[in-house]
Structure formats: C-alpha cells, structure tokens
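The values are calculated or read from the model by the stated rules, or taken from the named source; none is laboratory data. Bear in mind that the values here come from a model prediction, so they are computed numbers and not experimental data. All Cβ positions, even for glycine, are placed from backbone atoms using ideal geometry, and neighbour counts span all protein chains on display. Heavy atoms of the whole protein, side chains included, go into the accessibility calculation; ligands, DNA and RNA do not. Shrake-Rupley method; radii C 1.70, N 1.55, O 1.52, S 1.80 Å.
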Amino acid sequence: MITSVVAAIAISQREGRRKKAEAEAEAAEAAKKSVLVVGMGLVGTIATLLFCAQGFTVTRVDQKSPDDLYNDSRRADEMRILTETTLGVLGRAGGEELVAELREEAFRTDNLQYRRSKSCKPLCSTPLGAPAASLYTYPDLLSILSSCELLKRVKPATHYSTRIVSLHDAPEDLDGPLPAGRPYALTAAGEKLYADCIILCDGASSASVGRPHVCASIPGPAAPPPPPPPVETGWSSTAYHLPESTLVATPALTKLLPQDDWGRTDIYTGDSSYLSILTDGDSHLRHTHLTTSAPTDATQGWDPALTTALSHAHALGTTPLTALPPPATLVSKRTRKLALLGTAAFSLPPHAPHLALTTHLSAAATLAVCLRKAASVPLGLEVFSRLRAPLTDAVWRRAQARCDAISASAAGGELEAAEVQWAREEAGAEEADRRADAEFEGVIEALTGEMVERQRAVLVAQAQAQAEAQARAEGEARARVEAEAAGRKGEEEEGEEEEEEEEEEEEGEEEEEDEKTHRSDDEDGDKDEGVPLPKT
C-alpha cells in the first residue's frame, strides 16, 4: 500500500515537472515572437493585454493622440457589456487586481428588462449571465484596461499620432525567408514597423487599410472580391445623460429609478423605436434612444416619465447605425502573418449590445493562445482562422436575424413581440460561451495537431509525387537507352543486309563473268571445228 502511494506521488511529481518544462519552453518560444497591434481602442487594448500575458514582445500604434484617444467626448456615454466569462478571460491575463477593479467600477445588471413604452409595465427580460453582467462607459473601460498593472510592468512600445498607410506581408517584402521573415507596416512618415505578426484591431487605419489588404490576398483564378462595404441599417442612436440633480428636481422621473442600490437596465419598446435606460448606483440615468424615425415622432403616446427624461436630458449626439459584415477571411493568405480583430474584422448590426465586445474579446484570447501554442506564426494564424470562422459567422447571423426581426416588427408596430421572441432564442447562449472558454485551449491543441498532420500529409504527398516524377524520368531514360540500342541494332542489321546484298551482287557478277568466259571459249571451239585440217 505504502509503495503504491509513493509510486503515485512520484508519477504525479514527474508529470508536474514535465508540464512545468513544457510551459517554460512555450514561454521561451513566445518571448521570441513580436506582435504589432494597430489600433489602441478597446479591442486593441484588450489584445495588447492578452498578448503581453502570453509573453510576446508587443508594439502598439494608433493614429490618435493620447488626449483624443482617452478623452473622446463623442463616446462618453457609449455603453459596453462584459459577461462573467469575459471577465474571467481578462482575469487570467491581467490578474485578480484587474478583475476586482472592473467589478468595482461596473454598473452591475443581471438582465435586460423590457417594458412597454406607454405603460412602463414589464414585458420580458433577457438574462446576461450569472451572477450578473458588467456595464461600463467606453472611456471608463478603456481607462481601466490601459492602466492595469501588467501593462505598467511590461511597458509595450507605443506610437501615438502614427498613421499606417500600407501593409507589406508578401514573401518578397519580408525581412528574411519564411517562416521566420517578418512583415512590416509603413507609416505616413515612411517608417517601417516590423513584427512577426501584425494584428489590426480598431481605428480608421485598420478599417481602411487592413480589410482591403486581407481581402486582396485571397487566391483564385479570378480577381479577389473587395471587402464587404458597411450596411446602412435604417436605425440611428441618440445618447443622453441625465444627472442626479435633474432627477431630484423632477418627481415624474422617480418611477424610472430602482428601489435599491443595484443598477438596472430597462428597455422601453415602442412602435418604431426603443429607449434603453441604465441607472447606475449614483442614480444617474444614462440612456440611448434607438429609432427608425425622428425621436420626437417616435415617442408620441409614451409614458410621461419617459418623455420627461428625454426632454430634460443632455443629448450627446445622434449617430446613424451601420453594420460591417465580416470578410471572407480574417487572415492574410499571402504569408499568414497578418490578421483582423475588432471593428477591423466586423461590427455587428444594432440591437445586440451584449454580443459585440464579448465576441471580439473571445477572438483576441483565442488568437493569443494560438500564437503561443503553434510552432510558427503562419500555423497559429491558420488555426485561429479555422477556429474563429464558424463562430464569427454564427454570431453575425444571430445579430443580423435579431436586427431584421426588430426592424420588421417596428415597421408593423409590433416591436414587443420581436423582443419576446429574441429573448427565447438567446436562452442558453451563455452556457455555450462558458464551455468554449473552458475548452478552447484543448480545441486549439487538437486543431494544431490536425494542421501538423495535414502538413505532414502534404509533405508525404509531395515526396510521393517527387518519387513518381523521378520514376517517370528514370523510365523515360531507360526507354531512350533502349530506343537508342534498338536503333543501333537496326542499323547494324541493315548494314549486314547491305553487305549480303553486295556479296550476292558480286557473286552474280562473277557468275556472269564466268558464263561469258564459258560462252567465249565455246565459240572459239566451234570455230576451230569448222577449219579443214591440212593434208599430209
């Protein structure tokens, strides 16, 4: 019994040492890989955080100045949603301190509560995950992530006010042969920024330069298709902010406030628009009005509290809502050293706020692990492309179906029915996200092994084809030798036949000469017989 226990402990320790050695070897290989992140918005910052956590050497660049990037008033009240699953991904990268700060600064809500705009009565709700989802304004979330302890410690090289004008990842553009040769991004100042892998995340440079570049790399007999253009959705969004002072001075608005300190997100649905109101712990109302018509026309007949909230709130601006479909590939096919993330890859149609950032963060986490586990950058990006393509397509179709359903119901004055239907369709999606988050490393390892086997099969096929070509060449050489030998033999036989014919001709000539001689002798004999003998 004691011997068995000791043996089990020894095996466990040996396995632990093996895993530790493998992790150290992966970390050493990761440190040799450099990544250039283009765009320092939310997705670019999340990608930088995840890449640094994997041990890569990261350089990031953005065409905005620090003030424009972190103090953009146009995005002051844009809301972003993180589920518990995505907080877990960030926690593994940035540590528990980052998760604690994210929880502390978040507006916490466990569902989106749908209500009727005319009566404010509850209609249905969409769960955002257990125990609750975290909501942030865009600037707050960007500031928290940018100042996390990991980025302070690693200090990735940063280039502000730097615009990327072109990307170069063709084999002849690399600074060395494949697979180690590095591509580069050319700045407006003429500087070449080299890296083993270039990731375009968000910002004007990524969308205007990265998407066309990746789409142009698709091989085929015909010219590659251009990237899908933005899609006009017919909806517009107006962001408002209503401070506590106005709430206190306006009794009609008290029904919009929660009864406890817990934040609440209510969506009030009308015939052609809906109003999303987030109440934070300080009793501030941050709300967004999405509509297919003019805001004043869309709110006629609504509950007085809602119309009062809109009339007293400070409008931050109206933005037409567009969607950017994903391209045919997220990875450049030239040398597989350049990839798209975030809004450079796609932006979802409106009405699916809980899917957007969660999807982009999941893609960034998957890419970071692919690059660490794969033996080379091209292999890592190929695995990433194969892993994310079906998920991206599924998320896009789900968001597009939701947008189409809401747009159709808004046109028919039945927006509430579409909300109820969507709530049922989304049930269980969070659990699938949890499973994917728990298993994606194993899936990536399996896909990496599959890709290695596929590459090995390609090498075997190439070797077999080479052997067959060599066998054909040797067969052709033997055929030529045999043909030459047969030709020489034929020539020799022809020569012998000619010699025989010459000999026969000579013999014939000799026979003719002999016959002539015999005839001549006979004629002489006949003459002798005709002469009379002399008398004696």
Next item on the list: Please go through region 192-238 and pick out each residue that is in contact (Cβ under 8 Å) with a residue 24 or more places away in the chain, polar (S, T, N, Q) and assigned to a helix (DSSP H, G or I).
Entry: Ser205, Ser206
Next item on the list: From (1) modelled with pLDDT of 80 or more; (2) open to solvent by 60 Å² or more (accessible area, probe 1.4 Å); (3) hydrophobic (A, V, I, L, M, F, W, C), pick out the condition that doesn't hold for Val58.
Entry: (2)
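A quick yes/no check of all residues on (1) β-branched (Val, Ile, Thr); (2) out of contact with any strand residue (DSSP E or B) (no Cβ under 9 Å at 6 or more places or on another chain); (3) crowded, with 20+ Cβ neighbours inside 10 Å; (4) at pLDDT 90 or above:
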{"position": "His351", "(1), (2), (3), (4)": "no, no, yes, no"}
{"position": "Gly380", "(1), (2), (3), (4)": "no, no, yes, no"}
{"position": "Ala399", "(1), (2), (3), (4)": "no, no, yes, no"}
{"position": "Arg402", "(1), (2), (3), (4)": "no, yes, yes, no"}
{"position": "Ala408", "(1), (2), (3), (4)": "no, yes, no, no"}
{"position": "Ala411", "(1), (2), (3), (4)": "no, yes, no, no"}
{"position": "Phe440", "(1), (2), (3), (4)": "no, yes, no, no"}
Notebook entry, point to check: Of all residues in region 194-204, how many are surrounded by fewer than 24 Cβ atoms within 10 Å (Cβ to Cβ) and of a type outside the set (A, V, I, L, M, F, W, C)?
Noted result: 2
Notebook entry, point to check: Failed condition for Ala185, given (1) in a helix (DSSP H, G or I); (2) surrounded by 21 or more Cβ atoms within 10 Å (Cβ to Cβ); (3) not β-branched (Val, Ile, Thr), with all others met?
Noted result: (1)
Checklist line | Members of region 133-153 found to be surrounded by fewer than 19 Cβ atoms within 10 Å (Cβ to Cβ) and touching a strand residue (DSSP E or B) at 6+ places or on another chain (Cβ under 7 Å), listed by number | finding: Tyr138
Notebook entry, point to check: Of all residues in region 305-349 being of a type in the set (S, T, N, Q) and not in a strand (DSSP E or B), which is modelled with the highest pLDDT?
Noted result: Ser332
Check: Among (1) among the polar types (S, T, N, Q); (2) part of a helix (DSSP H, G or I); (3) under 24 Å from the mean Cα position of the chain (by Cα), which single condition is Ser166 missing?
Finding: (2)
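Open to solvent by 20 Å² or more (accessible area, probe 1.4 Å), touching a residue at least 60 places away in the same chain (Cβ under 8 Å), within 28 Å of Arg211 (Cα to Cα) and in contact with a Lys or Arg (Cβ under 7 Å, 6 or more places away or on another chain): is that true of Pro156 in this structure? If you could, list the steps in order and put the result at the bottom.
Values: open to solvent by 20 Å² or more (accessible area, probe 1.4 Å): no; touching a residue at least 60 places away in the same chain (Cβ under 8 Å): yes; within 28 Å of Arg211 (Cα to Cα): yes; in contact with a Lys or Arg (Cβ under 7 Å, 6 or more places away or on another chain): yes.
Here the answer is no, as Pro156 does not meet what is asked.
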Next item on the list: Would you check which residues across region 61-108 are open to solvent by less than 30 Å² (accessible area, probe 1.4 Å), closer than 30 Å to Leu186 by Cα and touching a strand residue (DSSP E or B) at 6+ places or on another chain (Cβ under 9 Å) and list them?
Entry: Val61, Asp62
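Looking at Leu341, Leu355 in this structure, which one is surrounded by 24 or more Cβ atoms within 10 Å (Cβ to Cβ) and either aliphatic (A, V, I, L, M) or closer than 19 Å to Ala207 by Cα (or both)? Walk me through how you get there before you give the answer.
Values: Leu355 fails: surrounded by 24 or more Cβ atoms within 10 Å (Cβ to Cβ).
Going through Leu341, Leu355 in turn, just one is surrounded by 24 or more Cβ atoms within 10 Å (Cβ to Cβ) and either aliphatic (A, V, I, L, M) or closer than 19 Å to Ala207 by Cα (or both): Leu341.
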Notebook entry, point to check: Only one of (1) at pLDDT 85 or above; (2) under 23 Å from Thr319 (Cα atoms); (3) surrounded by 14 or more Cβ atoms within 10 Å (Cβ to Cβ); (4) not hydrophobic (A, V, I, L, M, F, W, C) is not met by Asp169, so which one is it?
Noted result: (2)
